[in-house]
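Below is one structure; the comments refer to it alone.
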Amino acid sequence: MIRILAGEDVTRADGSTVKWVHLIGDAAPSSLALTGADVEDMADDAVLAAGSTLRVPGKKYVLYEDGGTFVEV
C-alpha cells in the first residue's frame, strides 16, 4: 500500500495540474511508473510531479519528470 505523507497541487505553465507528493509504502511497488491509481486516496488520473519522492523500507525513490518513472537514489 502506498500512501501520501505530504503533498500539494502544482499548476503547470499550460494550466494543467500535477501532484507533488512525498509517498510512503510498505514495500517497493512492482512498477515504478506510478499514477494516482497506485496511491491510496488519490484520483486515478492524477499525474505525479517531478520532485515527488517515494520511501519504502530500505529504499528511496525520486521522480525526475512529471508523470515519469521513479528512480532509486
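The values are calculated or read from the model by the stated rules, or taken from the named source; none is laboratory data. Note that the structure is a prediction, hence the values are computed from the model and not measured. Counting neighbours? That spans all protein chains shown, and the Cβs are built from the backbone with ideal geometry, glycine included. Quick note on the areas: whole protein, heavy atoms, side chains included, nothing else; ligands and nucleic acids left out. Shrake-Rupley method; radii C 1.70, N 1.55, O 1.52, S 1.80 Å.
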Notebook entry, point to check: So which of 54, 23 ends up being touching a residue at least 40 places away in the same chain (Cβ under 8 Å) and not in a loop (DSSP other than H, G, I, E, B)?
Noted result: 54
Notebook entry, point to check: Which of the residues spanning the range 45-58 are surrounded by 13 or more Cβ atoms within 10 Å (Cβ to Cβ) and either on the phi < 0 side of the Ramachandran plot or of a type in the set (Asp, Glu) (or both)?
Noted result: 46, 47, 48, 49, 50, 52, 53, 54, 55, 56
Next item on the list: Scan 11, 35 and give me the residue that is out of contact with any Pro (no Cβ under 9 Å at 6 or more places or on another chain) and modelled with pLDDT under 95.
Entry: 35
Next item on the list: Please verify whether the range 3-26 includes one or more residues that are open to solvent by 80 Å² or more (accessible area, probe 1.4 Å) and of a type in the set (A, V, I, L, M).
Entry: yes
